[in-house]
């Protein structure tokens, strides 16, 4: 399982209303996203992330990449047929062991189970002050991550690439 996500310098991935408008000035830069997605065997996304993203941007992933939305609710009309819903982290992880995991709640569910193995975290030079944090407070798991590399982009974004060994 892998994450590829942007956060602000104060650790927020979205504003208090779930908006990611603060990321617009950083769009269009080459961060290696396409290569990252092509290295995955699926996408596992949280329902809140889907609801915030899909209505404005459609489904951004290739039709050949299976996807699972973590939810107990019925999926919105118009999603591609290869997208399924699941309530079970374990089943989703078993089905797509090398998947891209997206959405704060879902990322934290996978982290707490020790299922995330790689993280590419992009820190944008923005201070929001409040919003949706990347990592939940009070997580009861301790993990030591190994830094694989860091990269600074001309726009001021810094990427930290981590490997998370199995405990």
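The values are calculated or read from the model by the stated rules, or taken from the named source; none is laboratory data. No experiment lies behind these values; they were computed from the predicted model shown. So basically every Cβ, Gly included, is an ideal-geometry build from the backbone, and we count neighbours across all protein chains shown.
Key figures
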read-out: Complete set of residues in the range 103-123 that are surrounded by fewer than 19 Cβ atoms within 10 Å (Cβ to Cβ) and touching a helix residue (DSSP H, G or I) at 6+ places or on another chain (Cβ under 8 Å); value: 105, 113
read-out: Residue match in the range 137-155 (condition: in contact with a helix residue (DSSP H, G or I) (Cβ under 9 Å, 6 or more places away or on another chain), closer than 30 Å to residue 64 by Cα and part of a loop (DSSP other than H, G, I, E, B)); value: no
read-out: Any hit, the range 130-148, residues being crowded, with 17+ Cβ neighbours inside 10 Å and over 15 Å from residue 49 (Cα atoms); value: no
read-out: Unique residue being part of a strand (DSSP E or B), under 28 Å from residue 128 (Cβ atoms) and free of Cβ contacts under 8 Å to residues at least 40 places away in the same chain when the list is 44, 69; value: 69
read-out: Residues of the range 66-82 satisfying the condition of being farther than 14 Å from residue 109 by Cβ, surrounded by 15 or more Cβ atoms within 10 Å (Cβ to Cβ) and at pLDDT 90 or above; value: 66, 67
read-out: Condition broken by residue 126, with the remaining ones in (1) out of contact with any helix residue (DSSP H, G or I) (no Cβ under 6 Å at 6 or more places or on another chain); (2) surrounded by fewer than 20 Cβ atoms within 10 Å (Cβ to Cβ); (3) in contact (Cβ under 8 Å) with a residue 40 or more places away in the chain satisfied; value: (1)
read-out: Residue selected from the range 16-41 under the condition assigned to a helix (DSSP H, G or I) and touching a residue at least 60 places away in the same chain (Cβ under 8 Å), by the criterion farthest from residue 156 (Cα to Cα); value: 37
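Yes or no, residue by residue, for (1) assigned to a strand (DSSP E or B); (2) under 16 Å from the mean Cα position of the chain (by Cα); (3) closer than 25 Å to residue 16 by Cβ:
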| site | (1), (2), (3) |
| --- | --- |
| 51 | no, yes, yes |
| 54 | no, yes, yes |
| 62 | no, no, no |
| 76 | no, no, yes |
| 91 | no, no, no |
| 101 | yes, yes, yes |
| 111 | no, yes, yes |
| 126 | no, no, yes |
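Let's see how each residue does on (1) modelled with pLDDT under 95; (2) over 18 Å from residue 62 (Cα atoms); (3) crowded, with 16+ Cβ neighbours inside 10 Å:
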position: 7; (1), (2), (3): no, yes, yes
position: 15; (1), (2), (3): yes, yes, yes
position: 20; (1), (2), (3): yes, yes, yes
position: 23; (1), (2), (3): yes, yes, yes
position: 27; (1), (2), (3): yes, yes, no
position: 34; (1), (2), (3): yes, no, no
position: 42; (1), (2), (3): yes, no, yes
position: 45; (1), (2), (3): yes, no, yes
